[in-house]
Amino acid sequence: MLLTNVESVPGKTIAEHFGLVSGSTVRAKHIGRDIAASFKNIVGGELKGYTELLQESRDQSIQRMIEQAKELGANAILNVRFATSAVAQGASELYVYGTAVRVE
Amino acid sequence: MEQLIIFIALIVLGYTAGTIAERNHYKSIKTREHKLLSLPACTIKNALYNDAQVDKAHLVSGSVVVSVDYFKRFLAGLRNLLGGELVSYETLLDRARREAVLRMKEAAKGADIIISLRIETSSIGQSANRRQSLGSIEAIAYGTAVTYKKVNEIPGKRT
């Protein structure tokens, strides 16, 4: 599966459009990570636990989007966009969407 | 009295640790940015040369979550009363975005150019739902990494 965030796959031509595909996931880290993060909030700097959490959930939402595109018979997803929102304390939603196409 | 001592201790700890961490982070950002100058990241999407032969293109992304230290949060709270520039938050956001772009570039090793770069920022973590304080922020950078076809594998020559 080819993923790009431009309107085409450079070097390939679009044969068929399938429309919007998307994937989303809501995740939270266990309480230990939250406590560690709140300590880290005193000194500042990178919160590795949260970076990891968001990376994992982004990968999962991309995976869900790819599955949806595969069902449609697409082999590429164009114009991919990410969105993040905090739904509850320590939990966040990752949403990814794009246009499924078949390229040649 | 005890509360005041804890408060002052937290501020001193936040100030020293935060300043050292920020200085080190900026130093590492600068050296890595210099190293990755050969891989340009453009925000425009048709940055490819007209006669370029594209070998492959794929999505790359990099993200980071950074939080501000206790001292700066206190300082920003004071600044909020008077209004004006919140320098302590500016450096936080600047560091987060540059770090995210660097991680994206590191994930795109071997590519020749990154087109259609997008950067998004969101406030996450425990204080995300509280209005007053900006606790930690997430920056994500993503784009399409493009690799050119090499002509006869001559190093340095581009189609």
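The values are calculated or read from the model by the stated rules, or taken from the named source; none is laboratory data. All values reported here derive from a predicted model rather than from experimental measurement. So basically every Cβ, Gly included, is an ideal-geometry build from the backbone, and we count neighbours across all protein chains shown. Areas reflect the complete protein model, heavy atoms only, side chains present, ligands, DNA and RNA absent. Shrake-Rupley method; radii C 1.70, N 1.55, O 1.52, S 1.80 Å.
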Kindly write out, for segment B:89-97 in residue order, the coupling ³J(HN,Hα) from the Karplus curve 6.51 cos²θ - 1.76 cosθ + 1.60 (θ = phi - 60°), rounded to whole Hz, with x marking Gly and Pro. 7, 4, 5, 4, 5, 4, 4, 4, 5
Shielded residues, segment B:1-16 - accessible-area loss of 20 Å² or more between chain alone and all protein chains, probe 1.4 Å: B:10, B:13
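Thinking of the protein assembly as shown as a set of Cα atoms, what percent of all their pairs are more than 35 Å apart? Walk me through the numbers before you get to the answer.
Details: 8931 of 34453 pairs.
So the pairs more than 35 Å apart make up 26 percent of the total in the protein assembly as shown.
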Counting only protein heavy atoms and a 1.4 Å probe, tell me what percentage of segment A:35-74's accessible area is made up of carbon and sulfur. 54 percent
In whole percent, the fraction of accessible protein surface over segment B:1-66 that belongs to carbon or sulfur atoms, probe radius 1.4 Å, stands at 61 percent
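Starting from the alpha-carbon convex hull of segment A:39-90, give the projected area averaged over all orientations, in nm².
Numbers: hull surface 20.0 nm².
Hull-based average projected area comes out at 5.0 nm².
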Taking N as the number of residues in segment B:44-119, what is its alpha-carbon radius of gyration divided by 2.2 N^0.38 Å? 1.61
HN-Hα J in Hz across segment A:44-57 - Karplus 6.51, -1.76, 1.60, θ = phi - 60°, x for Gly and Pro: x, x, 6, 9, 4, x, 6, 4, 4, 4, 5, 5, 4, 6
In terms of the ratio Rg/(2.2 N^0.38 Å) built on C-alpha atoms, what value belongs to segment B:2-148? 1.30
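About the Cα centre, and with charges only on the beta carbon of Lys, Arg (+1) and Asp, Glu (-1), how big is the dipole of the protein assembly as shown? Nearest 20 debye, please.
Numbers: 34 positive and 26 negative charges, 91 e Å.
Dipole magnitude for the protein assembly as shown comes out near 440 debye.
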Considering every residue in A:8-21, what mean count of other chain Cβ atoms within 10 Å of its Cβ is obtained? 3
Both in Å, the radius of gyration and Dmax of the C-alpha trace of segment A:2-103 are 16.9, 54
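With a 1.4 Å probe and all protein chains left in place, how much accessible area per residue does the protein assembly as shown have, in Å²? Let's see the in-between values first.
Numbers: 13980 Å² over 263 residues.
Ligands and nucleic acids excluded, the figure is 53 Å² per residue.
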Within the set of other residues whose C-beta is less than 13 Å from the C-beta of residue B:96, count the net charge using Lys and Arg as +1 and Asp and Glu as -1. -3
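Kindly compute the accessible surface that chains A and B hide from a 1.4 Å probe when together, both sides summed, and give it to the nearest 100 Å².
The contact between B and A buries close to 3000 Å².
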Return the calculated 222 nm mean residue ellipticity for chain A, to the nearest 500 deg cm²/dmol, obtained by summing -39500 (n - 2.57) across DSSP H runs with n ≥ 4 and dividing by the residue count. -12500 deg cm²/dmol
